[in-house]
Amino acid sequence: MQVSAKERIPGSFQPGEGSSVVDLRSDTITKPTQSMWEAMLHASLGDDGLDGDVGVRALEQEVAALLGKEAALFMPSATMANLVAILVQSRRQRQVLMEATAHIYTTERGGSTLAGVSYTPVTGHRGAMDIDLLRQTLNASRASLSTSLVCVETSHNNAGGAVLTLEHLREVHEKSAHHGVPVHLDGARLFNAAIALQRPARDMTVHVDTVTICLSKGLSAPAGAVLAGPHTAIQRGVSVRKMLGGTQRQIGIMAAAGLAGLRTMVPRLAEDHRRAIRLSTSINALDAGLVASLPETNIVMVDLGSTRHSVEVWVARLEGEDVLVRPWGARQIRCVTHRHIDDGALERAIAGFSAIASGD
Ligand SMILES: *Cc1c(COP(=O)(O)O)cnc(C)c1O
């Protein structure tokens, strides 16, 4: 009996369908699209740990071509892709430089204990390392810890989705190359940055040696990431991925969803950016002591500093209004727009903020 993909899959839903809860916690919550389910149903089922899988190869080749790199490697997560990039490009007892609030530093730093390298933060502004400090650190590293890799991140998660300029990427690349140091780009949300800059992603990746992209954030695939870079780094990456337990078997299923995301989900990120601006300006217009960042991409940071309530109280009250957000430090909450936040959901979120603000 033929059963359509959607009938087989509980929990598959399109924007606006079903739940009345407005979930702004992260774009990671996005569910697979109908075309992803179809692609997964018909995916190739080779063993990626043995002879490889044609669907996985297709995804890797398409990402490499899109980002102007020689090769690419499918990964279970962006965290693992970043760690593999560090392990293949750094040596023990060296240091890896990154902006002080980079995701690799704030959230993935445990990886340094495996890599045997120091993750050294460089102070920056809106996610961009101070170039003078970077230059000084690279110079000083000859005397103390030598630097083996520099990491950049765009769009920048902790900087509220800020986008690095092409000029900044070019400068980081130039300063690093001067010291013979490669650059890795944590581009978990690279396509959000590309949409914001209105430039192809390769205009950014031309300035880096290796790059991570995540398939399971705004692109809506259920899981997966890709690391792209030179042949030599990617070849070493295959064995390092195996060492970390990242070799997967019939993973063509995930690659098929990822490829569908890559091919169909990028242009619509502009909608998320437009709604993030609407959310930000509406929250600021409430005049309730909330200060929302003006987003370049799909992340709105809301500073609660001059309201009377703590982050915990705001998060709980918003949940009472069916609006889910994430606490971000002691003074802020983070709201992320994505495919399941249509105009109606956004207005419900704004109404939720408004109800709490006016209830005071
Ligand atoms: C989400 C994120 C990651 C980690 O991605 P996972 O796929 O969850 O491991 C890495 N870097 C940045 C900037 C991110 O936003």
Quick one: which of Thr79, Thr120, Thr101 is in a strand (DSSP E or B) and surrounded by fewer than 23 Cβ atoms within 10 Å (Cβ to Cβ)?
Thr120
Can you tell me which of Gly258, Gly245 is buried (at least 18 other Cβ atoms within 10 Å of the Cβ) and either over 21 Å from Gln198 (Cβ atoms) or in contact with a helix residue (DSSP H, G or I) (Cβ under 7 Å, 6 or more places away or on another chain) (or both)?
Gly258
Regarding region 5-14, can at least one residue be identified that is touching a Gly at 6+ places or on another chain (Cβ under 9 Å), of a type in the set (Lys, Arg) and at pLDDT below 95?
no
Does region 102-124 contain at least one residue that is out of contact with any His (no Cβ under 6 Å at 6 or more places or on another chain), closer than 22 Å to Leu294 by Cβ, within 16 Å of the ligand (Cβ to nearest atom) and of a type in the set (Lys, Arg)?
no
Scan region 48-66 residue by residue and report those that are modelled with pLDDT of 95 or more, more than 16 Å from the ligand (Cβ to nearest atom) and either farther than 14 Å from Gln250 by Cβ or surrounded by fewer than 21 Cβ atoms within 10 Å (Cβ to Cβ) (or both).
Val54, Arg57, Ala58, Glu60, Gln61, Glu62, Ala64, Ala65, Leu66
Filter region 153-193 down to the residues that are among the charged types (D, E, K, R) and either touching a residue at least 40 places away in the same chain (Cβ under 8 Å) or touching a strand residue (DSSP E or B) at 6+ places or on another chain (Cβ under 9 Å) (or both), then identify the one that is nearest to Ser26 (Cα to Cα).
Arg189
Say we look at region 67-99 and pick out the residues that are closer than 15 Å to Gly187 by Cβ and out of contact with any helix residue (DSSP H, G or I) (no Cβ under 6 Å at 6 or more places or on another chain); which of these is farthest from the ligand (Cβ to nearest atom)?
Lys69
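Output the number of residues of region 191-221 satisfying the condition of being farther than 16 Å from Val336 by Cβ and within 11 Å of the ligand (Cβ to nearest atom).
Initial filter on region 191-221 (farther than 16 Å from Val336 by Cβ): 194, 197-213, 215, 221.
Okay, now just the ones that are also within 11 Å of the ligand (Cβ to nearest atom), so 212-213, 215, 221.
Here the count works out to 4.
The values are calculated or read from the model by the stated rules, or taken from the named source; none is laboratory data. Quick caveat, the model's predicted, so the values are computed rather than measured. Because the Cβ atoms are built from the backbone with ideal geometry, glycine has one as well, and the counts that use them run over all protein chains shown.
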